[in-house]
Amino acid sequence: MPVDRRRIEARVRLNRLAIGGWSAQTLFAANRLGVFDLLCDGRALTAAEVARELGTEEDSTARLLGALAALDLVEHRDEQFCNSRAAEDFLVSGRPESLATWVALIGDWNQTFAQLGESVRTGEPAEVPEEHLGRSPEYTRRFIIGMHDYAIGPGRELARHLDLEGRRRLLDPGGGPGTYSILLAEANPGLTCTVFDLPEVVEIAREVIAEHDLEDRVSTAAGDYHSDEFPTGYDVALVSNTLHQEDWDTCVAILRKAHDALEPGGLAVVQAMFLNERGDGPLWPALHNLLMLLVYRGGRAYSVEQTFRMLEEAGFQHPEIHRMSPFNAGSFVTATRA
Ligand SMILES: C[S@@+](CC[C@H](N)C(=O)[O-])C[C@H]1O[C@@H](n2cnc3c(N)ncnc32)[C@H](O)[C@@H]1O
């Protein structure tokens, strides 16, 4: 029989997809066990030494390190292992650009994702979001610091693309750790920002703001965007990666509060991982749309067109889309208050 290259490639691709979760689990386990923190700063250790330091079983540790080498997360030279460049740059905890807490959070959500079939069958979420929105201090911290880890890269890009010339006061509802406010304040010396979020969350935001020495220009306001009004007198309102947690009517209600928080001529900025109009891509938003099904009742990914309509329903005018680099899953929409 002649070799059908397309069939072989499809089979290989499917198999790679089927075992994709194993690669992710290998990363989560190494992150949780502290492998990348142990092997940082060029420290090279044998599998036996790694096992001794981590208190793990030696042969299992050697297998884990072998798989991490196959995933290019560690380098294997002679009998020793050290972090790869990518692990050194992004997986050592506590570093300014570390993604370690984000990876741990995705690890939590991987357990949740295992229940996808059931959620698709019933339409019900698999999580109780209150747990990571204040009820469990550890989970809340992992969620909020995980958001911070993730937001550093896209936040820097937003700060480069978003023209805030002449704007003075920015409100950041659902601002979480305050990453966007911090980066926008750093990029715009005349700007002061207010991070509005749930009480347990703004406590964490205050720590992050203090680490950046920005307490004089980035403040916090504790509140619930469902039941509390927003503070007023702003000329920019940034709603970043927050609407996907809510159903349509709640999104419009949040945007209406943002509208009322702005002075005439004020600018609304909605940043999100926008789904295309058919709901079938790009990949990140399409998968994120499933995560929202699993985590938030009523949560979903929205398209640019839907976001325009929400903004208009909330009273804004002239919605416009702004794309960032192809490396960024997010882009942003702006609109103005008359
Ligand atoms: C996915 S995070 C986005 C954080 C940040 N804006 C960013 O883009 O990185 C969503 C934020 O909405 C906040 N949030 C959820 N429910 C809220 C509520 N009822 N009132 C205020 N904030 C809420 C969460 O605490 C979280 O910080």
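The values are calculated or read from the model by the stated rules, or taken from the named source; none is laboratory data. None of the values given here were measured: they were computed from a predicted structure. Virtual Cβ from ideal backbone geometry, glycine too; neighbours counted across all protein chains shown. Note: areas computed on protein heavy atoms with side chains; ligands, DNA, RNA excluded. Shrake-Rupley method; radii C 1.70, N 1.55, O 1.52, S 1.80 Å.
Structure above, values below:
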quantity: Solvent-accessible area per residue for the chain (1.4 angstrom probe, square angstrom); calculated: 51
quantity: Carbon plus sulfur fraction of accessible area for region 66-136, probe 1.4 Å, in percent; calculated: 51
quantity: Mean Cβ count within 10 Å, highest first, over the residues of peptides 152-161, 110-119; calculated: 152-161, 110-119
quantity: Accessible-area ranking of Cys40, Cys251, largest first, probe 1.4 Å; calculated: Cys40, Cys251
quantity: Sulfur and carbon atoms: percent of accessible area, region 219-300 [1.4 Å]; calculated: 52
quantity: Protection-proxy order for peptides 136-149, 192-205, each taking the mean of Cβ atoms within 10 Å per residue, highest first; calculated: 192-205, 136-149
quantity: Which of Val304, Ala185, Ala335, positive extreme of dipole for the chain (C-beta unit charges); calculated: Val304
quantity: Projected-area mean, the chain, by convex hull of Cα positions, square nanometres; calculated: 20.9
